[in-house]
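Visitor: Below you will find the structure I want to go over with you.
Each value in this text was obtained by applying a stated rule to the coordinates, not by laboratory testing. Since this is a predicted model, take the numbers as computed values, not measurements. Heads up, the Cβs are rebuilt from the backbone with ideal geometry, glycines too, and the neighbour counts pull from every protein chain shown.
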There are 2 protein chains.
Amino acid sequence: MGSGSAVPTGTRNPSAQWIECNGRTFLIDCGEGTQMRIREYGLKFQKIDRIFITHLHGDHYFGLVGLLSTIHMLGRVRPMTIHGPEGLKKIVEMQLTIGGSRLGYDLLIEEIAPDSTSVLFEDEKIRVDAFPLFHKIPTNGFLVRQKPRQRTLLADKARKDGIKFEYFHRLKKGEDVEDEDGNQINFREYTAPPPRAKSYAYCSDTTYHEKVVESVKNVDLLYHEATFLDVHEDRARATKHSTATMAAKVAAEANVGKLIMGHLSARYDSGDEHVNEASAVFKNCEYVIDGDEIVLD
Amino acid sequence: MGSGSAVPTGTRNPSAQWIECNGRTFLIDCGEGTQMRIREYGLKFQKIDRIFITHLHGDHYFGLVGLLSTIHMLGRVRPMTIHGPEGLKKIVEMQLTIGGSRLGYDLLIEEIAPDSTSVLFEDEKIRVDAFPLFHKIPTNGFLVRQKPRQRTLLADKARKDGIKFEYFHRLKKGEDVEDEDGNQINFREYTAPPPRAKSYAYCSDTTYHEKVVESVKNVDLLYHEATFLDVHEDRARATKHSTATMAAKVAAEANVGKLIMGHLSARYDSGDEHVNEASAVFKNCEYVIDGDEIVLD
């Protein structure tokens with residue numbers, strides 16, 4: 001919902017992404033104006049289960065307290081959990097206190113220890129991890145991944161061969177079964193491999209670092225900031241941001257499925273040149289703009 | 001630039017107004033997304049001379065630190081002064097500090113003592129005052145007014161009658177002059193009354209209070225919040241906001257030139273009913289929407 005960098009443009013708002021995964025809805029980063037973007041895109045405020053904030057530069061969180069206030073006024077009662085860096089709790093609470101605001105729901109702000117990898121959320125189907133990025137202030141990337149699923153039962157064949165219902169569960173888990181008469185039932189004969197568990201990593205803001213490569217190894221989709229082009233590599237290093245080439249280097253070394261680039265500096269009119277430069281290092285890449293929707297399937 | 005109330009809608013953003021007066025440019029309130037609106041309307045960030053914040057509810061200032069950051073990145077060097085309620089300095093400085101931000105210009109935050117009327121800015125042509133509003137937390141209204149101007153010299157007539165240049169200054173000030181030969185020169189004969197000094201008052205957020213009437217007496221243009229309609233007068237009183245009728249009552253009792261109403265609750269589709277209800281009390285009124293431009297002349 002926001003593909004811009006620190007200075008928003010007419011078409012690029014500050015960072016924010018809406019993530020839907022196995023029935024869960026997450027908001028990653030919440031730059032200024034995110035609540036207006038949510039409305040613009042016709043998304044449902046109350047679907048948000050958790051919010052993840054990478055770091056405390058304004059273009060990644062200045063929309064947060066406004067959003068929290070709006071979902072209160074729209075009637076939220078179920079708790080909201082926010083994961084973000086140390087200091088976030090103090091900032092949010094100070095703004096709510098000074099404004100005399102009381103929220104109608106419980107707000108839980110869980111601060112992420114810097115420089116470590118940690119599991120932030122986990123249920124039976126998915127998991128979200130934080131991992132360190134390398135920016136001017138403590139910053140985390142987030143990895144959202146589906147857990148491996150069970151094999152798919154070949155139901156018609158199983159029924160035809162008279163395989164009993166009670167064995168299905170073990171076959172789907174990939175176990176061979178011996179039936180009451182001592183016949184071996186091979187799980188491969190009655191099940192197909194499960195749909196591949198998908199994964200998505202979000203890296204903004206960071207300069208190139210081999211630890212980032214380790215953190216996003218083999219993900220299906222990598223969002224990586226590409227604030228600058230090669231011609232401004234000095235600026236990238238000075239501000240601890242990445243060039244498109246650095247983003248592509250991470251993608252290539254981590255062997256990801258696809259790279260999408262955002263957080264483009266307002267100085268560039270389009271992302272075409274970012275794709276040109278990145279493609280020389282990693283082919284399957286594109287830049288994103290506000291409103292893009294990407295489905296992993 | 002923002003005519004909405006706490007919950008923004010697709011067409012009403014949080015509060016912000018761009019004021020130009022005698023070559024000075026002021027921003028009054030700076031709700032979330034104001035910097036995007038400034039860009040959208042093609043206004044120049046660096047023209048802003050001063051910023052005035054009414055109170056610390058998020059819909060009136062959540063765009064402030066983002067704006068301060070953007071004007072830094074766009075190269076501002078001349079100082080910026082912000083006038084706002086107590087607590088503003090702490091909030092702004094905390095966000096800049098936690099974000100590791102250093103601004104390339106001096107930022108002066110002058111906090112306004114609550115419950116008092118004070119002169120915030122004055123030069124030879126205009127003056128800006130703060131006056132108390134009556135809301136849930138300390139809130140100020142602002143009054144921007146031109147100073148009385150000198151009378152207009154009737155240059156052709158003065159030249160024709162041989163009035164010396166050196167007397168013009170005193171005649172324009174409204175003084176009669178005796179020339180070297182002892183002739184009386186009547187200022188009314190050689191000057192016309194000056195253009196009327198214009199005034200504008202901004203009242204958001206507040207419930208009806210007779211002290212507000214005193215503060216905005218005789219202004220040419222009054223912006224007054226009209227969050228609710230009569231049917232929701234209970235809500236207005238409970239939240240210390242105004243109905244359109246209350247706004248009109250202030251306008252009528254203060255004998256203002258014209259009333260414009262904003263800060264309309266997101267529950268109303270248009271402001272037509274606000275105008276209906278207000279008109280019963282004060283005729284010359286309308287509601288505003290984002291992007292409206294009003295010229296006082």
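Visitor: Are any of the pairs A:Lys47/A:Lys136; B:Lys89/B:Lys147; B:Lys211/B:Lys240; B:Lys136/B:Lys211 more than 21 Å apart by Cα-Cα distance, and if so, which?
Guide: On the way: A:Lys47/A:Lys136 33 Å; B:Lys89/B:Lys147 30 Å; B:Lys211/B:Lys240 15 Å; B:Lys136/B:Lys211 16 Å.
Correct reply: A:Lys47/A:Lys136; B:Lys89/B:Lys147.
Visitor: Return the average number of partner chain Cβ atoms within 10 angstrom of each residue Cβ along peptide A:8-17.
Guide: Working: counts 6, 2, 4, 0, 0, 2, 4, 0, 0, 0.
Mean partner shielding for this stretch: 2.
Visitor: Each residue of segment B:227-232 in turn: what ³J(HN,Hα) in whole Hz from Karplus with 6.51, -1.76, 1.60 and θ = phi - 60°, glycine and Pro shown as x?
Guide: Using θ = phi - 60°, the values come out as 4, 10, 9, 4, 4, 10 Hz.
Visitor: Also: A:Leu133's amide H: which non-local residues (gap 5+, or another chain) put their own amide H closer than 5 Å, with H modeled 1.01 Å from N in plane and none for Pro or chain starts?
Guide: Here the answer is A:Thr139, A:Asn140, A:Gly141, since their amide H atoms fall under 5 Å of that of A:Leu133.
Visitor: Further question on the same structure: Place the label 7 angstrom along Cα→C-beta at B:Asn183 and in each other copy, then list the distances from the first to the rest in nm, shortest first.
Guide: Relative to the other copies, B:Asn183 has label-point distances of 13.1 nm.
Visitor: Let me check I've understood the local charge: for B:Thr25, count other residues with C-beta under 9 angstrom from its C-beta, Lys and Arg +1, Asp and Glu -1. What total comes out?
Guide: +2
Visitor: May I ask you to derive the FRET efficiency for B:Lys147 and A:Leu74 from their Cβ-Cβ distance with R0 = 35 Å, giving the value to the nearest 0.05?
Guide: On the way: r = 46 Å, r/R0 = 1.31.
E between B:Lys147 and A:Leu74, to the nearest 0.05, is 0.15.
Visitor: Here is a further query. So how much slack lies between B:Ala238 and B:Ser116, counting 0.36 nm per residue of separation and subtracting their Cα-Cα distance, in nm? Provide the component values of the computation, followed by the final result.
Guide: Numbers: separation 122, 0.36 × 122 = 43.92 nm, distance 2.37 nm.
That pair, B:Ala238 and B:Ser116, stretches by 41.5 nm at full extension.
Visitor: Less than 12 Å Cβ to Cβ from B:His72, Lys/Arg counted +1 and Asp/Glu -1: what total charge do the surrounding residues give? Spell out each step's value before the answer.
Guide: Numbers: positive: B:Arg76, B:Arg78, B:Arg102; negative: B:Asp106.
The answer is +2.
Visitor: Given labels modelled 7 Å from the Cα in the Cβ direction, how far is it in nm from B:Ala197 to A:Asp230?
Guide: Going by the 7 Å Cα→Cβ label model, 6.4 nm.
Visitor: So which lysines pass the test for A:Lys258, namely a Cα distance under 18 Å, with those fewer than 8 places away in the same chain ruled out?
Guide: Those lysines meeting the cut-off are A:Lys198, A:Lys217, A:Lys249, A:Lys283.
Visitor: To continue, here is another question. Apply the Karplus parameterisation 6.51 cos²θ - 1.76 cosθ + 1.60, with θ equal to phi minus 60°, to every residue of segment B:5-15 and state each ³J(HN,Hα) to the nearest whole Hz, in sequence, with x for glycine and proline.
Guide: Going residue by residue, I get 10, 4, 9, x, 10, x, 10, 10, 8, x, 4 Hz, with x marking Gly and Pro.
Visitor: Search the structure for amide H atoms under 5 Å from the amide H of B:Arg24, placed 1.01 Å from N in the peptide plane, and list their residues when 5 or more places away or on another chain.
Guide: none
Visitor: List the distances, in nm and shortest first, from the label point of A:Leu296 to the matching label points in every other copy, placing each point 7 Å from Cα along the Cα-to-Cβ direction.
Guide: 5.7
Visitor: Enumerate the residues in segment B:33-75 having an amide nitrogen under 11 Å from the point lying 7 Å beyond the Cα of B:Thr25 toward its Cβ.
Guide: B:38-39, B:42-50
Visitor: Which value, in debye to the nearest 20, describes the size of the charge dipole of the protein assembly as shown about its Cα centre when Lys and Arg Cβ atoms bear +1, Asp and Glu Cβ atoms bear -1, and nothing else is charged?
Guide: Working: 76 positive and 88 negative charges, 10 e Å.
Charge dipole of the protein assembly as shown: 40 debye, to the nearest 20.
Visitor: Here's something else I'd like to know. What is the residue of chain A with the smallest Cβ distance to the axis taking A onto B, and what is that distance in whole Å?
Guide: Nearest Cβ to the rotation axis, residue and whole-Å distance: A:Gly33, 2.
Visitor: Among the aspartates and glutamates, which fall within straight-line cross-link reach of A:Lys160, defined as a Cα-Cα distance under 17 Å, with same-chain neighbours fewer than 8 residues apart omitted?
Guide: Cα-Cα hits under 17 Å: A:Asp179, A:Glu189.
Visitor: Note the full-extension length gain between A:Lys211 and A:Glu40 as 0.36 nm times their separation in residues minus their Cα-Cα distance, in nm to one decimal.
Guide: Working: separation 171, 0.36 × 171 = 61.56 nm, distance 3.68 nm.
Difference between extended and current length: 57.9 nm.
Visitor: Whole-Hz ³J(HN,Hα) for each residue in segment A:18-33, computed from phi via Karplus 6.51 cos²θ - 1.76 cosθ + 1.60 with θ = phi - 60°, x for glycine and proline: what do you get?
Guide: After applying 6.51 cos²θ - 1.76 cosθ + 1.60, I find 9, 10, 10, 8, 6, x, 9, 10, 10, 10, 10, 6, 8, x, 3, x Hz.
Visitor: 222 nm [θ] for chain B, helices only, -39500 (n - 2.57) per DSSP H run of 4+, per residue, to 500? Before the final figure, lay out the partial values.
Guide: Working: 10 runs with 73 residues, N = 297.
Taken over chain B, the calculation gives -6500 deg cm²/dmol.
Visitor: Another question about this same structure. Out of segment B:221-297, which trypsin sites (Lys or Arg not before Pro) are coil in DSSP terms and have no more than 14 other C-beta atoms within 10 Å? Each step should come with its number before you reach the end.
Guide: Numbers: sites: B:Arg235, B:Arg237, B:Lys240, B:Lys249, B:Lys258, B:Arg267, B:Lys283; in loops: B:Lys240, B:Arg267, B:Lys283.
Of the trypsin sites (Lys or Arg not before Pro), the ones in loops of segment B:221-297 whose Cβ has at most 14 other Cβ atoms within 10 Å are B:Arg267, B:Lys283.
Visitor: So if I place +1 on the C-beta of Lys and Arg and -1 on the C-beta of Asp and Glu, and nothing else carries charge, what would the dipole magnitude of chain B be about its Cα centre? I want it in debye, nearest 20. Working shown, then result.
Guide: Working: 38 positive and 44 negative charges, 119 e Å.
For chain B, the charge dipole is close to 580 debye.
Visitor: Okay, next question. How shielded is B:253-262 by partner chains, expressed as the average number of their Cβ atoms within 10 Å of its Cβ atoms?
Guide: Values: counts 0, 0, 0, 0, 0, 0, 0, 0, 0, 0.
The per-residue average across the peptide is 0.
Visitor: Give me the one-decimal nm value for the distance between modelled label points at A:Ala280 and B:Arg159, 7 Å along each residue's Cα-to-Cβ direction.
Guide: That separation, rounded to one decimal, is 6.8 nm.
Visitor: Let me ask something else about it. For the pair B:His169 and A:Thr81, what calculated FRET efficiency results from E = 1/(1 + (r/R0)^6), where r is the Cβ-Cβ distance and R0 = 41 Å, to the nearest 0.05? All intermediate terms of the calculation are to be shown ahead of the outcome.
Guide: Values: r = 70 Å, r/R0 = 1.71.
Working from the Cβ atoms, E equals 0.05.
Visitor: Whose amide H sits under 5 Å from the amide H of B:Tyr287, counting only residues 5 or more places off or on another chain, with H placed in the peptide plane?
Guide: B:Met261
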